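Step one of this worksheet: look at the structure below.
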Amino acid sequence: MTVPDWVTKNKRQHTFAYGDLVARILEAVPRLNSTELLFPTRWADDRPISGWSKFKHEMADNLPHWTLHDLRRTFATRLAELRVAPHIVERLLNHKMGGITNKTDGIVSAVAEVYNRAAYLPEMREAVVLCEQHLGALIANRGRSHDLLAA
């Protein structure tokens, strides 16, 4: 998937892989307007979409302080726990490499991105597959069956 630069926070086009589980979820998301955007800001009749707080509350009744960034943080943390290299996690999040810090020292130098232009697409694909396998195992271990995991 490629997200155009005008959509991203850092104004950089972002290309990344996703697996079969995500593909099935994305296909199931209803399109609310005439674009292919999954989370549009307007309905099909061009009325602005409102009510995010109510929607979020319904989606996470027991998580009053939940935000969308919690999903990014959880994704990044789980990938790190699965031993995915930090620079691959950061590429998947579309972070600038020189901006990575661990509160004491940078994981990579700010100049690294100037010299290293690798996109790491195969490594990102491997990380996504690993993450989906882990998620599938968690779901299976809880004894839950979910139609999105059905082949």
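Assorted remarks:
- Close pairs from the stretch 1-18: first farther than 16 Å from H87 by Cβ and assigned by TED's automatic domain parsing to the domain that holds M124, partner exposed (fewer than 11 other Cβ atoms within 10 Å of the Cβ) and not charged (D, E, K, R), Cβ under 7 Å, at least 6 apart: Q13/T2; Q13/P4; Y18/M1
- Of all residues in the stretch 106-147, those being modelled with pLDDT under 70, surrounded by 14 or more Cβ atoms within 10 Å (Cβ to Cβ) and among the β-branched types (V, I, T) number 2.
The values are calculated or read from the model by the stated rules, or taken from the named source; none is laboratory data. Quick caveat: nothing in here was measured; it's all calculated off a predicted structure. Every residue, glycine as well, gets a Cβ built from its backbone with ideal geometry; the counts of neighbours run over all protein chains shown.
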